[in-house]
Amino acid sequence: MKQDNLLLSLWQVSKRYPGVVANDKVSLTLAKGEILALLGENGAGKSTLVKMIYGVVQADEGSLLWQGKEVVIRSPNMARSMGIGMVFQHFSVFETLSVQENIELSLDAGFVKDAATLRAKIIELSAAYELKVDPDRYVHNLSIGERQRLEILRCLIQNVKLLILDEPTSVLTPQEVAGLFKVLRTLASEGCSILFISHKLKEVTALCDRAVILRGGKVNGECVPANETPDSIARMMVGSEAVLSERYHKTIGSDELLVTRDLSVPPTNPFGTGLTKVNLSLHKGEILGIAGVAGNGQEDLLEALSGEDTRAEAGSILINGRKVAKLNAGERRLLGMSYVPADRLGQGAVPDMSLADNTLLTSARKGLVNRGLILPHKVVELAKSIIHRNDVKCHNAHAQAKSLSGGNLQKFIIGREVDQNPEVLICAHPTWGVDIGAASSIHRQLIELRDNGAAILVVSEDIDELFMISDRIAALYEGQLSHAVHTEQTNIEEVGKWIAGSFMNEDKPQEDVKHA
Amino acid sequence: MLKTQARLESSKLMSWLSPLIAIVLTMLVSSIMFLALGINPTTAFKVFIIGPLSDSYNLGELMVKTTPLLLCATGLALCYKANIWNIGAEGQLLVGALVGSYFALQANDDSGYGWLAITLLAGAVAGMFWAAIPTLLHQLFHTNLILTTIMLNYIGLYLLLWGVHGPLIDPEGFGFPESAIFADALLLPTIMEDGRASISIVLAVVFAIGSGIILYRTLPGFQLRVFGSDQPAARYAGYSSKFIIWSVMLSAGALAGFAGVAEVTGPIGQLIPQVSPGYGYAAIIVAYLGRLNPFGIIFAAFFMGTLYMGSDLAQIELGMPTAITGLFQGILLFFLLACDFLIHYKIIWQPNKSNSQTAPVSTKQGAA
């Protein structure tokens, strides 16, 4: 390979954490102006690898060559001064400062002469790359897409040679994704290398020149995505034995089980959205998907429906015709509701408690308690059966919840909630951060529960997932909900526009006439 | 090079070893202190540890010291398990003693054990009431429980001093700030021939065991533990935070109040200004020394009681200052908190690799 064209190469890099080898002798190269995808399931070692490149952690073994010279990148500061920029999945911006102030803060002293020069440079760059952000606006007023543009701008202003993006599209609408890709291609054509971390195969195929696939901390393959199908790449990510995406048949639900009538809640914090007159109806034997970009009121909707937040008007939430808005989560469970929360560790499970205790958390009614006395054998028995039936990988029923990987814990929590045979299941981000194999087993669980007559509400940011499993779909934008349509009668582009709020301009449509 | 490394799972073994290590370290450090005072550490420990256990009178006195510690620490452990920072056991104990004394003084020579029961109940209810004040403020105005419970300790103390100097003073006591000595029927039965140990130590152990069973074997106890270790999970599961906070605070108040009334109707036999030498505060250390587990607290309370007794004996036999008890407690708590680090972290020996690695790299860089 032409040595002088190489920007970065990693040679036999390893990083160990207690109990896990995050990276095991990983070697890869990145040429100037190349867009390289780093693919892998959760826990495959992608994040650790880029953290080493960005100087957040140091490798235990192996070496790193930057423009042909061996270097040790000791800190993100050093990485930045070398020309490495990174856009994290969770943005690191100050909400109470303006765009320009945020950029200023990230620069070394003496990088620009004065504020006016910086301002001119921001405007020039944002025009050149179509990264439209007003330097005077405050960050808390920016949409997620705009915040991401700010982060990219912040990297560009320092003449970045390598831009690392960690799952950049997970928070964007399909339209915003297209815009981002355009920017990235322009950058690459000017010689900037891009390391694109993702597990969305379609995007990788559309954007990247080359892909390196990590599995279990090792490089499991390399390919040119354009020559592959998403399926063949997925095989490299998960191995040959896993069952990949399936098509599930769509159904039409029967009786209404869960209804909200003009459900409104004020925001819980100054930067929150709250809910404004949300009307939805969830029927027996269907999955209703709620699409939307993070931060548009999903948390408020989930808390109001689950009973963690009981501020809503008494009559605004009905289960089987009964007013429940003032009941807490435990009382709603007695009415046949189960809930898979957004935050697995810390909400859905107590980190320091065993899986057995975490089974008892929501399943006490299942004969695990006799006159207030806990029956430890029954608890362990149920925990074991949940672990076994859902293929949860763990030490045993006495393992602490925090010792499980995210995907395994999610399988456990969904198993626990499904096991209660709920009439209504509220499910938040069912497969967020879960590997492909586990994701399809979670999907099958939900479909099976639906086919047994449960009403399921799924809130997810993954629009492909919603199209795969939901029977009807609606979008949440700034705390307002669009009307729901049958998944088969719409398409990703249309829902993508709703996610960006287009439904608010339409005439208020009738709530799904099919069920009336 | 020694390095610390996070454990994958918290160590159960370490959570019980940690207090023992802390006790050993406390003994080492206090040996230095004894040497500085010109006292042979072996003699000192003989007085401190062996002394309280040496004869039946001392053993009885040990139980007298242990009882209020055990009662208060059991209540506090329930609070701390629920992550509720009640520092008010001292005040609750004092108010329990004050109100209990008021009831005891209403009795006369004809009163039976029924009146004693009412007196004990009154003390416990007074402690509950004293705990209810900060709880109510917390529920209504989100006041900080640590601050309000501490403040109420002082209010409780001055209330007791007012009582003992004013309305409850013995009219025939020559103006000494003491109440009249309680009628015989108002005194708790003792459990040993000589000495002052009363049945309250038995009750304290029963309460501790009962609390342990509730905490680890019942659903409300489980809910309490979930609430304490992870509030969002408790909210998710639909456990009522109001119910949990009120139950632990009122239980702790009742136990501390009972401890107070059992002091005045037990070993003291009248109301005096010095009902408690800081039992309510020492109970915080006892609760942690016993790992917030009521069964462990039984041992911890006896250990702390030994220290109290030991420092009394050290004053008499070695002429050491009273401050020694406070010093002991402070050092012990300090080491206990430090040793708890080992529950979540382990210390490993790792050859210093990073230095040997960076050296050749920098030379390479220089050559390139």
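Among rounded, prolate and oblate, which fits the range B:261-318 when a ≥ b ≥ c are the square roots of the eigenvalues of its C-alpha gyration tensor, a/c under 1.5 means rounded, and a/b larger than b/c means prolate? Note, shape of the range B:261-318 comes out oblate.
Protection proxy ranking, highest mean first, for peptides B:84-90, B:165-171, A:111-117, A:29-35: B:84-90, A:29-35, B:165-171, A:111-117, where packing is the per-residue count of other beta-carbon atoms within 10 Å, averaged.
Note on chain B: Cα-only Rg and Dmax are 24.1, 103 Å. Shielding by partners for peptide A:395-403, expressed as the average number of C-beta atoms from other protein chains within 10 Å of each residue's C-beta, is 2. Qualifying GluC sites (Glu not before Pro) in the range A:288-375, where qualification requires a DSSP coil assignment and no more than 15 other C-beta atoms within 10 Å, comprise A:Glu313. Build a GNM of chain B with springs between Cα atoms under 10 Å apart, and of B:Ala262, B:Ala117, B:Ala126 the one that fluctuates most is B:Ala117.
Relative to the longest principal axis of the Cα atoms of chain B, the long axis of helix B:353-367 makes an angle of roughly 30 degrees.
Contact order, relative form, for the range A:341-421: 38 percent (alpha carbon pairs under 8 Å, 6 or more residues apart, mean separation divided by residue count).
From the square roots a ≥ b ≥ c of the eigenvalues of the alpha-carbon gyration tensor of the range B:151-230, which class results: rounded (a/c under 1.5), prolate (a/b over b/c), or oblate? Oblate shape, in that a/c is at least 1.5 and b/c is the bigger or equal ratio.
Using C-alpha pairs below 8 Å separated by at least 6 residues, the relative contact order for chain B is 36 percent.
With a ≥ b ≥ c the root eigenvalues of the C-alpha gyration tensor of the range B:1-132, is it rounded (a/c under 1.5), prolate (a/b larger than b/c) or oblate? Oblate shape, in that a/c is at least 1.5 and b/c is the bigger or equal ratio. For the range A:1-113, a crude dipole built from +1 on the beta carbon of Lys and Arg and -1 on the beta carbon of Asp and Glu, taken about the Cα centre, is about 240 debye to the nearest 20. Taking only the Cα atoms of the range A:364-403, the ratio Rg/Rh comes out at 1.02, with Rh defined as the Kirkwood radius.
Counting Cα-Cα pairs of chain A in 20 Å increments starting at 0 gives whole-percent bin shares of 21, 52, 26, 2. The mean count of C-beta atoms from other chains within 10 Å of the C-beta of residues in B:235-245, rounded to a whole number, is 6.
Counted by Cβ distance under 9 Å from B:Ala185, the other residues give a net charge of -3, where Lys and Arg count +1 and Asp and Glu count -1. In order along the range B:13-21, the phi-based Karplus estimate (6.51 cos²θ - 1.76 cosθ + 1.60, θ = phi - 60°) of 3J(HN,Hα) comes to 4, 5, 5, 9, 6, 3, x, 5, 4 Hz; Gly and Pro are listed as x. Checking the Cα-Cα distances for A:Lys378/A:Lys402; A:Lys182/A:Lys284; A:Lys69/A:Lys218; A:Lys46/B:Lys3 against a 32 Å cut-off, the pairs over it are A:Lys182/A:Lys284.
Charge dipole (Cα centre; +1 on Lys/Arg Cβ, -1 on Asp/Glu Cβ; no other charges) of the range A:3-238 amounts to roughly 320 debye. Of A:His486, B:Thr325, A:Trp11, which is farthest towards the positive pole of the protein assembly as shown's charge dipole, taken about the Cα centre with +1 and -1 on the beta-carbons of Lys, Arg and Asp, Glu respectively? Of A:His486, B:Thr325, A:Trp11, it is A:Trp11. Kirkwood-type hydrodynamic radius, the range A:375-473: 14.1 Å, calculated from all non-identical alpha-carbon pairs.
Scaled against the 2.2 N^0.38 Å expected of a compact globular protein of N residues, the Cα radius of gyration of the range A:1-114 reads 1.21.
Considering only B:Thr43, B:Thr26, B:Thr148, the Gaussian network model of chain B with Cα springs below 10 Å gives its largest mean-square fluctuation to B:Thr43. Each Lys or Arg adds one and each Asp or Glu subtracts one; over the other residues with Cβ under 14 Å from the Cβ of B:Ser15, this totals +2. Principal semi-axes of the equivalent ellipsoid, √(5λ) from the alpha carbon gyration tensor of the range B:134-178, are 34, 9, 5 Å from largest down. Against chain B, whose longest principal axis comes from its Cα atoms, helix B:219-229 is set at around 50 degrees.
Considering only B:Ala97, B:Ala233, B:Ala314, the mean-square fluctuation computed in a Gaussian network model of chain B, springs between alpha carbons under 10 angstrom, is largest for B:Ala233.
Between A:Leu382, A:Met86, B:Leu37, the Cα set farthest toward the positive side of the dipole of the protein assembly as shown (charges on each charged residue's Cβ, about the Cα centre) is that of A:Met86. Rg ratio for the range B:39-106: its Cα radius of gyration over 2.2 N^0.38 Å, N being its residue count, equals 1.56.
Expressed as a whole percent, how much of the Cα-Cα distance distribution for the protein assembly as shown exceeds 39 Å? Considering the protein assembly as shown, 55 percent of its Cα-Cα pairs are separated by more than 39 Å.
Straight-line cross-link partners of A:Lys113 among the lysines, defined as a Cα under 19 Å from its Cα and at least 8 positions apart when in the same chain: A:Lys121. Sorted on the mean count of surrounding Cβ atoms within 10 Å across their residues, most packed first, peptides A:410-417, B:216-223 read A:410-417, B:216-223. Relative to its residue count, the range A:242-373 spans a Cα convex hull of 181 Å³ per residue. Ordering of A:423-431, A:441-449 by packing is A:423-431, A:441-449, highest average first (other Cβ atoms within 10 Å, averaged per residue).
Think of the protein assembly as shown as a dipole: +1 on every Lys or Arg Cβ, -1 on every Asp or Glu Cβ, centred on the Cα centre; then among A:Val340, B:Leu188, A:Ala234, A:Ala234 lies furthest on the positive end. Inter-chain neighbour count for A:343-353: the average number of beta-carbon atoms from partner chains within 10 Å of each residue's beta-carbon is 5.
Each value in this text was obtained by applying a stated rule to the coordinates, not by laboratory testing. Keep in mind that what you see is a predicted model, and the values were worked out from it rather than measured. So basically every Cβ, Gly included, is an ideal-geometry build from the backbone, and we count neighbours across all protein chains shown.
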